[in-house]
Structure formats: structure tokens, C-alpha cells
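Here is the structure we will look at.
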Ligand SMILES: [Zn+2]
């Protein structure tokens, strides 16, 4: 059932990194990361209904990058280009009009933010949003404490209004409380938090 919570002619939806490796069973699984999938599907349905621009970022690393532990970074190998783990979660319903933002290709940088990524035409997300005269971004996806947070903070820095789909994000929480701290940081920077009302089944 559509939630019809999203609105605004100059708004776009950004779904961050809902890839197999970030979901249970993946190389760098966010605990219950796949719970965001049905929630984001509803938001995607809304966005499509409103004719909004839809972006989906993907982490897309070379096999050798300073982002990975064995080359001096923080993480086990994940979302390596053209591997199974780098694929979008199979249950996420991205419309065919979705603009994929590819990031994390630079072996010298972690590439957390979607604003470091490029469209298939080679444009930055910032340039693409400006070309479409967008001024507001709804953001959901994985992980709250890394790619979602950095994308949100970059969007705010670039002057966009940002609404975080709070029921459509999940965090890694390497240190307990990281997601909560990330949420506070995004809010302090000016992001609005929203959750769509759920369809609830009343007890009989
Ligand atoms: Zn990564």
C-alpha cells in the first residue's frame, strides 16, 4: 500500500548501498540490514508515483584498495566490482528509471559518500542534481553510520534540504551506539528525520 509520504517537485530519493554484501550473509553485513528493503520499496513506490528522480548509490571497489584491511584500511573486502556481493539486494525494487551512482572506485579513498560517485554519464551526483534543479533529498539505505551519514552531511554542505528516512536506514555499529550518534550528527547538521506510518494489524 502506498504511504504517499514523499512530496515535492524538486525532491529526489537517494537509496544508499542496499547491496548483498551489506545484508545478512554478505561480506560486511549490517545487522538485519535487509529489514530496510520492504520499507524502501514502499518509499520507492511513492517516489515513482510522484515522478521523483530516483538515485541508487552502489559501493564499487577495486579488488585492491586502501579501504580494505589487508591494504591498511578498516574493512574486510566487500562490494568488489562485478562480484555477487556488489549486486543490489534482489528484493529491492529499483525502477528502471533509477540513476545508479557508482562510488568507491578510487583505491586511495573509502568513497563513503554518494557525492563522491558518478552517474553512468560520468556526472557527479551534485552536477546531476543541479541540472535537474533539485533542492531536496530523501535518503535511506545502508549503513547509517558510514555511507548514509556521509552522503547526508555532504548534501547539507552543498545546500540541499535533507530528509532521512529513519525507518529505512540501518547501521553497522562497530562501536555500540554509532548509529544513534550518526543520527544525532545528521540531525544537528540540519537533516529532518521521518518515518512513514506502518500498516498495522490490530490484535484480534
Ligand atoms: Zn566500501
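Report summary: the helix-based calculation at 222 nm, which adds -39500 (n - 2.57) for every DSSP H run with n ≥ 4 and divides by the residues of the chain, gives -6000 deg cm²/dmol.
Report relative contact order for the range 90-154 in percent, whole number only (criteria: Cα-Cα under 8 Å, sequence separation at least 6).
Numbers: 64 pairs, mean separation 17.9, N = 65.
Worked out over the range 90-154, it gives 27 percent.
Indicate, rounded to the nearest 5 percent, the antiparallel portion of the DSSP beta bridges found entirely in the chain.
If we restrict to bridges inside the chain, about 10 percent are antiparallel.
Computed on the range 1-123, with alpha-carbon pairs under 8 angstrom and 6+ residues apart, the relative contact order is 28 percent. Per q in 0.16, 0.20, 0.31 1/Å, what log10 I(q)/I(0) does a Debye calculation on the alpha-carbon atoms of the range 1-51 return? Evaluating at q = 0.16, 0.20, 0.31 Å⁻¹ gives log10 I(q)/I(0) of -0.53, -0.71, -1.12.
Mind ordering 109-119, 13-23 by average Cβ neighbours within 10 Å, highest first?
Details: 109-119: 21.5, 13-23: 27.0.
Most protected by this proxy first, the peptides run 13-23, 109-119.
Per the Debye calculation on the chain with a single equal scatterer at every Cα and no solvent contribution, log₁₀ I(q)/I(0) for q = 0.13, 0.18 Å⁻¹ amounts to -0.65, -1.30. Distance from the Cα centroid of the range 27-98 to that of the range 161-186 is 16 Å (rounded to whole angstrom). Taking other Cβ atoms within 10 Å as a rough exposure proxy, 99, 169, 156 sort from fewest to most as 156, 99, 169.
As a ratio to 2.2 N^0.38 Å, the alpha-carbon radius of gyration for the range 6-95 is 1.22. Taking other C-beta atoms within 10 angstrom as a stand-in for reagent exposure, 123, 103, 69 fall in the order 69, 123, 103, fewest first. Fully extending the segment from residue 127 to residue 180 would add 16.0 nm, taking 0.36 nm per residue of separation and subtracting the current Cα-Cα distance.
Laboratory data are not the source of any read-out in this text; all were calculated from the coordinates shown. Keep in mind the model is a prediction, meaning the values are calculated, not measured. When we count neighbours, we look across all protein chains shown, and the Cβ atoms used for this are built from the backbone with ideal geometry, even at glycine.
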